[in-house]
Amino acid sequence: MPRAVVCRELGPPELLRLETFAPVPLKPGEVRIAIRAAGINFPDVLMTAGEYQLKPPLPFTPGMEAAGDVIEANDGGGVKVGDKVIVKMRYGAFSDEAVAAPSQLTPLPSTFDYAEGATFLAAHGTAYHALIDRGQLRHGEVLLVHGAGGGVGLAAVEVGKLLGAVVIAAASSEEKLAIAKARGADHLVLYACEPFRDAVKRITDGGGADVVFDPVGGEVFENSMRCINWGARLLVIGFTGGIGLARTNLLMIKGASVLGIRAGEAVRRNPALGEVRLKALTEWAEAGKVRPNISHRLLLEDYAKAMRLLLERKAIGRVALVMD
């Protein structure tokens, strides 16, 4: 019988359980996917703790992205058995199999394995939406990427470089910065060695960053307002380091904007945005221009350990659960 990670009680990853379940019959228009890998995102950890904006009814299976093979189709709208696909979900991916609509599927890029496919669209889709749809990053502008060793941070480094920006990557370890450099970062800032706002001013000869990509929040967000250029856009991706407070006087003086980023919600409200984004990302993937960096691949039964890697900031890029 297939297995799934189940949240029956909100709290830390250790409260989750691996359970078996009986597959349900497909409804017309549905397909069944044998999941080969699932990506772990920080919202998955927050959701199981009851700290995310989306709160599924208990019990539920976490996980918002996966990759695998179509093994059954009931009038699947052109999707056929044997197709290798990426599955986009709001939750439910930490499982051996899933039922989905064709609209939730996209072909697995030929350049990716299953784990890379399962860790691609959430991070790179967020980076694309933040830098292009919201931040309108232009060629030659200075992009400051915080948390550049994380999944969305590394994706932002890649996308920013593809757009022709001068990329400053800030991270908490030399190892993370080395990966960011390999993905295209022009300048590296180690948080422990120098206040990043001083580093940004030094690198830009006092000009400051034009766009700030911030999945960290807290003091990082607050200090970012002190190293921005005129007309800067501060992109709020997340709050792994806490909720930051906006100093409105600093924003006013620099004519700056603070923009909230919810890539998934933006597509639900405007599906056309998602079509353009998906086309660009898949073309970049097929051309070898973007690729998730997966630092850890763990078996499904090691879900708690895998989620802890994100909580304890031990991952570089992405963490994937693999089913085989």
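None of the figures in this text is laboratory data; all of them are computed from the coordinates on show. As the structure is a prediction and not an experimental result, all values here were calculated from the model. Cβ placement follows ideal geometry from the backbone for every residue including glycine, while neighbour counts extend to all protein chains displayed.
Data table
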item	result
Label-point gap, in nm, between Glu222 and Ala304 - each point 7 angstrom along Cα→Cβ	3.5 nm
Among His124, His146, His187, residue whose mean-square fluctuation peaks in a GNM of the chain (springs only between Cα atoms under 10 Å)	His187
Ascending count of other beta-carbon atoms within 10 Å, so fewest first, for Glu141, Glu72, Glu312, Glu301	Glu312, Glu301, Glu72, Glu141
Bridge type composition, the chain - antiparallel percent by DSSP, nearest 5	55 percent
Zone of Ser257's modelled label, taken as backbone nitrogen in segment 166-196 under 20 Å from a point 7 Å along Cα→Cβ	166
Stretch gain in nm, segment Ala178-Lys289, where the contour uses 0.36 nm per residue and the Cα spacing is subtracted	38.2 nm
Listed residue (Phe120, Ala148, Gln136) projecting farthest to the positive dipole end of segment 91-153, Cβ model	Gln136
Sequence-distant residues sharing a close amide H with Gly150 (under 5 Å, placed H)	Gly317
Residues Cys193, Cys7 arranged by fewest to most Cβ contacts within 10 Å	Cys193, Cys7
Out-of-range pairs (alpha-carbon distance over 25 Å; input Lys88/Lys181; Lys80/Lys279; Lys176/Lys305; Lys55/Lys88; Lys80/Lys289; Lys55/Lys161)	Lys88/Lys181; Lys80/Lys289; Lys55/Lys161
Neighbour-count order for Val166, Val24, Val157, fewest beta carbons within 10 angstrom listed first	Val24, Val166, Val157
Calculated diffusion of segment 123-264, Stokes-Einstein form, Kirkwood radius summed over Cα pairs, 20 °C and 1.002 mPa s, µm²/s	150 µm²/s
